[in-house]
1. Between Leu84, Leu57, Leu72, which is closer than 26 Å to Ser152 by Cβ, modelled with pLDDT of 95 or more, of a type outside the set (Gly, Ala, Ser) and open to solvent by 30 Å² or more (accessible area, probe 1.4 Å)?
2. Pull up segment 31-40, narrow it to residues that are more than 16 Å from the chain's Cα centre (by Cα) and not acidic (Asp, Glu), then point me to the one that is most open to solvent (accessible area, probe 1.4 Å).
3. Among the residues of segment 18-29, is any over 20 Å from Leu127 (Cβ atoms), at pLDDT 95 or above, of a type in the set (Ser, Thr, Tyr) and open to solvent by 20 Å² or more (accessible area, probe 1.4 Å)?
4. So which pairs qualify, if the first residue must be in segment 66-85 and farther than 12 Å from Trp113 by Cα, the second must be of a type in the set (S, T, N, Q), the Cβ gap must be under 7 Å, and the two must be at least 6 apart or on different chains?
5. List the helices (runs of 4 or more DSSP H) that sit entirely inside segment 40-153 and contain at least 2 residues that are of a type outside the set (D, E, K, R) and in contact with a helix residue (DSSP H, G or I) (Cβ under 7 Å, 6 or more places away or on another chain).
6. Any residue that is more than 21 Å from Val149 (Cβ to Cβ), without any contact (Cβ under 8 Å) to a residue 60 or more places away in the chain and under 13 Å from the mean Cα position of the chain (by Cα) - is there at least one of those in segment 17-27?
7. Tally up the residues in segment 108-122 that are over 19 Å from Asp31 (Cα atoms) and loosely packed, with under 15 Cβ neighbours inside 10 Å, please.
8. For segment 92-105, how many residues are open to solvent by 80 Å² or more (accessible area, probe 1.4 Å) and touching a strand residue (DSSP E or B) at 6+ places or on another chain (Cβ under 7 Å)?
Amino acid sequence: MKIIKFRESHIDTVFEIQRAAYKPLYEKYQDEQTNPYMESKEVVFYKYTRPDTKGYLFIKDGVAVGSVRIILSPEAKTAKVSALGVRPQYQGQGIAQQALLAIEKIHSDVEHWFLGTILQEAGNCHLYEKLGYKQTGHTFKINENMTLVDYSK
């Protein structure tokens, strides 16, 4: 698998990946507030091209199978993992794990990593915990079925 830097010409692919990856979660939790599935292509483009953000695509066998944004704060030596998504047909193959490990190496100057995920999604929580992330104790209830939980490493 390869990790490549986001370029503006990748926006259609990133938007497609994000919609595919987050649609099942949207259908399950009906979260219109925070689910990346609800973002327009213009919003996704803006988020990927902000000065403090680096975007990446995950390429497996020549196919873009996933993407992620990393929001950097170089002064604080911190980074937030945001909107990590893998196409549904490629989930469960270790792609997100490989990609995060590679991105952490790319940004080896980062000392503290942050992210949020859905507490009820045990697979997501397991992935991040396997990579050394710990729950911070901060949660945010979105609706009766869904709570976001913060992690740090």
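The values are calculated or read from the model by the stated rules, or taken from the named source; none is laboratory data. Everything numeric here is computed off the predicted structure, so don't read it as measured data. Don't worry about glycine lacking a Cβ; one is built from the backbone with ideal geometry, like all the others, and counts go over all protein chains shown. Side chains included, ligands, DNA and RNA excluded: accessible areas come from the protein's heavy atoms. Shrake-Rupley method; radii C 1.70, N 1.55, O 1.52, S 1.80 Å.
1. Being closer than 26 Å to Ser152 by Cβ, modelled with pLDDT of 95 or more, of a type outside the set (Gly, Ala, Ser) and open to solvent by 30 Å² or more (accessible area, probe 1.4 Å) holds for just one of Leu84, Leu57, Leu72, which is Leu72.
2. Checked segment 31-40; the qualifying residue most open to solvent (accessible area, probe 1.4 Å) is Gln33.
3. no
4. Ser67/Gln18; Arg69/Thr53; Arg69/Ser82; Ala83/Gln18; Gly85/Gln18; Gly85/Ser67
5. 41-49, 95-106
6. So far as segment 17-27 goes, yes, one or more of its residues are more than 21 Å from Val149 (Cβ to Cβ), without any contact (Cβ under 8 Å) to a residue 60 or more places away in the chain and under 13 Å from the mean Cα position of the chain (by Cα).
7. Total meeting the criteria: 4.
8. 0
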